[in-house]
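Notes for the one structure printed next.
Read the figures in this text as sums done on the coordinates, not as results from a lab. Quick caveat: nothing in here was measured; it's all calculated off a predicted structure. Every residue, glycine as well, gets a Cβ built from its backbone with ideal geometry; the counts of neighbours run over all protein chains shown.
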Ligand SMILES: CC(C)(COP(=O)(O)OP(=O)(O)OC[C@H]1O[C@@H](n2cnc3c(N)ncnc32)[C@H](O)[C@@H]1OP(=O)(O)O)[C@@H](O)C(=O)NCCC(=O)NCCS
């Protein structure tokens with residue numbers, strides 16, 4: 001276990017900070033929208049009471065054990081929660097998988113791209129990562145667009161790789177290397 005605080009990252013328009021217990025109600029409200037769960041493999045729908053509190057409570061240990069870095073995407077000044085971004089770490093291979101969601105009121109403002117760019121830079125520069133991958137369902141092209149804007153390269157399509165809401169979905173795999 002590495003006992004250091006989770007990082008806070010600042011970008012031009014956003015502050016990426018650790019989640020706090022007080023964010024739980026807003027996480028449930030924003031991530032509880034069907035469109036958020038529809039794009040992700042892990043967000044439950046409907047979003048159960050207490051699940052956001054439980055999720056936030058895992059973050060410090062997951063960071064200390066270098067398993068996952070999860071950060072709240074917020075706007076500076078008013079500290080409005082607009083989404084989440086994270087890296088699932090496999091330190092033995094010095095690689096990570098990027099994940100993100102942005103609340104519907106803030107879609108198509110470039111926030112997912114801006115937040116992801118910051119956590120990717122942190123992963124390469126401060127965590128010594130060598131490779132960062134991301135995957136999106138083929139029916140979610142907006143997320144693929146984010147990956148392209150991040151300079152990630154499409155590596156392949158995992159056909160009918162995941163069973164989501166009763167449908168076998170194709171997953172499109174992207175990655176970027178440290179160099
Ligand atoms: C995917 C998601 C994170 C994008 O967040 P965002 O902040 O709106 O993303 P950005 O504004 O940085 O970029 C979105 C890009 O996708 C484009 N886009 C949006 N919908 C699209 C569609 N149906 N087809 C193609 N492109 C689309 C936008 O035009 C924009 O590209 P541009 O800047 O070239 O115009 C957000 O929609 C979301 O949270 N979805 C639900 C959860 C999810 O899917 N998470 C990702 C799991 S892999």
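Spin-label pair residue 88-residue 178: with each label point 7 Å from Cα along the Cα-Cβ axis, the two points sit 2.2 nm from one another. Here the chain carries DSSP beta bridges of which approximately 90% are antiparallel, counting only pairs with both residues inside. With neighbour counts taken as other beta-carbon atoms within 10 Å, the residues 119, 104, 56 rank, fewest first, as 104, 56, 119. Cβ crowding within 10 Å, taken as a proxy for footprinting-reagent exposure, orders 66, 95 from fewest neighbours to most as 66, 95. With each label modelled as a point 7 angstrom along the Cα→C-beta vector, the residue 121-residue 25 pair spans 3.4 nm. Take 54, 169 and order them by how many other Cβ atoms sit within 10 Å, fewest up front. Fewest-to-most Cβ neighbours within 10 Å comes out as 54, 169. Specify the inter-centroid distance of the range 60-74 and the range 126-175, based on alpha-carbon positions, in whole Å. So the separation of the two Cα centres works out to 21 Å.
Every helix of 4 or more DSSP H residues in the chain counts as -39500 (n - 2.57), and over all residues that averages to -8000 deg cm²/dmol at 222 nm. Can you tell me the mean projection area, over all orientations, of the convex hull of the range 105-162's alpha carbons? Units nm², please. The Cα convex hull of the range 105-162, projected and averaged over all directions, gives 4.9 nm². Computed over the alpha carbons of the chain, Rg followed by Dmax gives 15.5, 44 Å.
What the Kirkwood sum gives for the range 1-63 is a hydrodynamic radius of 13.2 Å, with every pair of different alpha carbons counted.
Only Cα pairs under 8 Å and 6+ residues apart enter the sum, and on that basis the relative contact order of the chain stands at 17 percent.
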